[in-house]
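**Student:** Have a look at the structure that comes next, please.
The values are calculated or read from the model by the stated rules, or taken from the named source; none is laboratory data. If you're wondering where the values come from, they're calculated on a predicted model, not measured in any experiment. Cβ atoms come from the backbone with ideal geometry, glycine included; neighbour counts cover every protein chain shown.
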Amino acid sequence: MLDFLPQRVGIKHLLVFTQELSTLVSAGLPLDRSLSILRTLTENRKLREVIRIFFPGSRAEALWPKPSPSTRACFPGFTST
């Protein structure tokens, strides 16, 4: 794939991600731990990057700048303030 073109997270990957997240949270895991697990296990590189940006696993990551336009491009219709 051409790295300079924005890559979107496919609907199938989002569906699997939300199902797995629901399962982990329903099992009683805290949201931050569930996201950390999914970030580690996901095979989709773009989805893993988005999880890392929007849900940082440490305070150091939380200080990073907001998501870039190329990262936001993978979720059309998403608006951020």
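**Student:** Quick one: is Arg33 at pLDDT 60 or above, closer than 19 Å to Leu15 by Cβ, in a helix (DSSP H, G or I) and not hydroxyl-bearing (Ser, Thr, Tyr)?
**Tutor:** Spelling it out, it is not the case that Arg33 is at pLDDT 60 or above, closer than 19 Å to Leu15 by Cβ, in a helix (DSSP H, G or I) and not hydroxyl-bearing (Ser, Thr, Tyr).
**Student:** Under 8 Å between Cβ atoms, which residue pairs at least 6 apart in sequence (or on different chains) link something in the range 30-41 that is surrounded by 17 or more Cβ atoms within 10 Å (Cβ to Cβ) with a partner that is part of a helix (DSSP H, G or I) and among the basic types (Lys, Arg)?
**Tutor:** The qualifying pairs are Arg39/Arg48; Arg39/Arg52.
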